[in-house]
1. Go through segment 2-25 and count every residue that is open to solvent by less than 30 Å² (accessible area, probe 1.4 Å) and part of a helix (DSSP H, G or I).
2. Considering only residues that are among the β-branched types (V, I, T) and free of Cβ contacts under 8 Å to residues at least 24 places away in the same chain, which ones fall in segment 97-124?
3. Quick one: R104 ticks every box in (1) outside any helix (DSSP H, G or I); (2) modelled with pLDDT under 95; (3) not aromatic (F, W, Y) except a single one, so which number is it?
4. Condition first: in contact (Cβ under 8 Å) with a residue 24 or more places away in the chain, closer than 21 Å to E8 by Cβ and open to solvent by 60 Å² or more (accessible area, probe 1.4 Å). Can you find one or more residues in segment 26-43 that meet it?
5. Got a sec? Which of K122, K78, K87, K62 is under 12 Å from the mean Cα position of the chain (by Cα), of a type outside the set (A, V, I, L, M, F, W, C) and either over 28 Å from N5 (Cα atoms) or at pLDDT 90 or above (or both)?
6. Just the residues that are in contact with a helix residue (DSSP H, G or I) (Cβ under 6 Å, 6 or more places away or on another chain) and touching a residue at least 40 places away in the same chain (Cβ under 8 Å), please, taken from segment 44-72.
7. Every residue in segment 54-90 that is open to solvent by 50 Å² or more (accessible area, probe 1.4 Å), more than 24 Å from A116 (Cβ to Cβ) and touching a Gly at 6+ places or on another chain (Cβ under 7 Å), please.
8. Specify the residue that is modelled with the highest pLDDT; the eligible residues are those in segment 153-169 that are open to solvent by 30 Å² or more (accessible area, probe 1.4 Å) and of a type in the set (A, V, I, L, M, F, W, C).
Amino acid sequence: MIMINKVEHTIKKYHLLKMGDHVVVALSGGADSCALLWCLVHLSDAYDLKLTAAHFNHGLRKEQSDEDEVFCHDLAKKFGVEFLAQKLPDPSVPRGVSPEDYLRRERYRFLDGVAAESGADKIALGHHLQDQAETVLLNIMRGSGLDGLKGFLPIRDGKYIRPLIDVTRKEITTALK
């Protein structure tokens, strides 16, 4: 429950949620996104949230990718949360584009579509404190200047929220035990 309290503090500190928000939770099946869903389920009554879990199956790991989708479906069902998934029809990456950038853009396109179709107010992403540190370092190495020092924001474009931004990876793994 310590992590849930920390997440609630982050939500209040950055004004990430309002009462009655409909939130699409990006659910990959990894520890971070599972912890995010778990926290938001626990906080849903306090904020009168409607949650939709959204899984983007990029298909790169073939059967394992499909198993991740089944796991996410089962987890959402266990929590009583609506589940939507999409599989990338062709995982080949267009010429001149990095695989990471291509898959990230496709994942965001899917999440934006789920939010638009379901009338969601926010899209919750499972980025945590170490992700923030890694992003700052990568930005500096790319030569982004002072803008790169800020990393990613707790809320972007009024809809992408990162409730785990003040939570460490260790806190996540401890909470999931």
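The values are calculated or read from the model by the stated rules, or taken from the named source; none is laboratory data. Because the structure is a prediction, the values reported are computed rather than measured. Don't worry about glycine lacking a Cβ; one is built from the backbone with ideal geometry, like all the others, and counts go over all protein chains shown. Each accessible area value is taken on the protein alone, full model and side chains, heavy atoms only, with ligands, DNA and RNA left out. Shrake-Rupley method; radii C 1.70, N 1.55, O 1.52, S 1.80 Å.
1. 5
2. Matches in segment 97-124: V97 only.
3. Here R104 clears every test but (1).
4. Yes, the conditions are met somewhere in segment 26-43.
5. Result of the check over K122, K78, K87, K62: K122.
6. Once the filter is applied, which keeps residues that are in contact with a helix residue (DSSP H, G or I) (Cβ under 6 Å, 6 or more places away or on another chain) and touching a residue at least 40 places away in the same chain (Cβ under 8 Å), segment 44-72 yields T52, A54, F56, H58.
7. Answer for segment 54-90, where residues must be open to solvent by 50 Å² or more (accessible area, probe 1.4 Å), more than 24 Å from A116 (Cβ to Cβ) and touching a Gly at 6+ places or on another chain (Cβ under 7 Å): just F71.
8. The selected residue is I155.
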